[in-house]
1. Give just the number: which of (1) surrounded by 13 or more Cβ atoms within 10 Å (Cβ to Cβ); (2) among the small types (Gly, Ala, Ser); (3) in contact with a helix residue (DSSP H, G or I) (Cβ under 8 Å, 6 or more places away or on another chain) does residue 156 not satisfy?
2. Name the single residue that is farthest from residue 155 (Cα to Cα) among those in the range 202-228 being among the aliphatic types (A, V, I, L, M) and part of a loop (DSSP other than H, G, I, E, B).
3. Name the residues in the range 197-216 that are more than 14 Å from residue 108 (Cβ to Cβ) and surrounded by 12 or more Cβ atoms within 10 Å (Cβ to Cβ), would you?
4. Within the range 157-200, which residues are among the basic types (Lys, Arg) and under 23 Å from residue 117 (Cβ atoms)?
5. In this structure, does residue 222 turn out to be out of contact with any Asp or Glu (no Cβ under 7 Å at 6 or more places or on another chain), of a type in the set (A, V, I, L, M, F, W, C) and at pLDDT 90 or above?
6. Does residue 144 satisfy the criteria of being over 31 Å from the mean Cα position of the chain (by Cα) and surrounded by 12 or more Cβ atoms within 10 Å (Cβ to Cβ)?
7. Does the range 131-138 contain any residue that is in the same structural domain as residue 113 (by TED's automatic domain parsing), surrounded by 15 or more Cβ atoms within 10 Å (Cβ to Cβ) and either touching a residue at least 40 places away in the same chain (Cβ under 8 Å) or more than 32 Å from the chain's Cα centre (by Cα) (or both)?
8. Is it the case, given these coordinates, that residue 179 is in contact (Cβ under 8 Å) with a residue 40 or more places away in the chain, within 11 Å of residue 109 (Cα to Cα) and buried (at least 17 other Cβ atoms within 10 Å of the Cβ)?
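The values are calculated or read from the model by the stated rules, or taken from the named source; none is laboratory data. Here the structure is a predicted model, which means the values were calculated and not measured. So basically every Cβ, Gly included, is an ideal-geometry build from the backbone, and we count neighbours across all protein chains shown.
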Amino acid sequence: MFTYSFKNIGFCLILLICITSLIGCQNQIEQPKEVAKNTVDIQNEMNELKEEIINLKTQNEQLMEQVNSFESKMIDSKLDIMKEFYEQIYRLEHVVKRFPDLEIIMGKIINVKEENDTVFFEIDTVEWLGEEQAIQAIQEDENLSREEAEQQIPNGFYIRNIKEERIPYQLSTDYSSYIIEEASLKYTNEFIDIVNEYMETYEEDYRPIYHFYIIEDEIVQILEQYIP
């Protein structure tokens, strides 16, 4: 009787161990499936983020193109305004230069001198030539063919300065001056300080060119020439 009971108990224990093992194996099988599912979800989220980044990059590039296009239009507009302004200046000069006491020259400021509260500019005069005059001048100055001369003026003008001069002119006490800022002429009352600053910074070849309006050997007005 006891032998039979022990046998039953042993059988039950063996059966219980088998069932527990099967359950453990099932859990081990289900866990990798769950991990794999989570991995796929993460990968999908990463792909969505990549698509969003690509879309944002595309939108940013499109926005930059619009900004650059707008800036280009603004620059072109300012250039047109400056061109029209200088054309008006040249037309005005054509009339006013016939006044007997008015002299108009174009050049660079080479040096600044101050004597007894009087300011003198030493000016190296230049010629501003365009189109056909520019081509002919380059051919004469550089001994080039016409084709070579045309390649020297991509902007359509030639600044002619055969030799350096240092002509002193006194600056009038009530002069007016205009400089280029952002492709526009603007009035300044600090012209002497500006000149002294760029003379310390820039070599002579890179200094601005100005129109000087002179009456009785005194500079009464200064306009900076825009150079594209």
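1. Of everything listed in (1) surrounded by 13 or more Cβ atoms within 10 Å (Cβ to Cβ); (2) among the small types (Gly, Ala, Ser); (3) in contact with a helix residue (DSSP H, G or I) (Cβ under 8 Å, 6 or more places away or on another chain), residue 156 misses just condition (1).
2. Among them, the one singled out is 209.
3. Across the range 197-216, the qualifying residues are 213, 214, 215.
4. If we filter the range 157-200 for residues that are among the basic types (Lys, Arg), which is where we start, we get 160, 163, 166, 186.
Of everything in the range 157-200, just one residue is among the basic types (Lys, Arg) and under 23 Å from residue 117 (Cβ atoms), namely 166.
5. Numbers: out of contact with any Asp or Glu (no Cβ under 7 Å at 6 or more places or on another chain): yes; of a type in the set (A, V, I, L, M, F, W, C): yes; at pLDDT 90 or above: yes.
Considered against the rule, which asks whether it is out of contact with any Asp or Glu (no Cβ under 7 Å at 6 or more places or on another chain), of a type in the set (A, V, I, L, M, F, W, C) and at pLDDT 90 or above, residue 222 comes out as yes.
6. Yes.
7. No, the range 131-138 has no match at all.
8. When the stated conditions are applied, residue 179 does not pass them.
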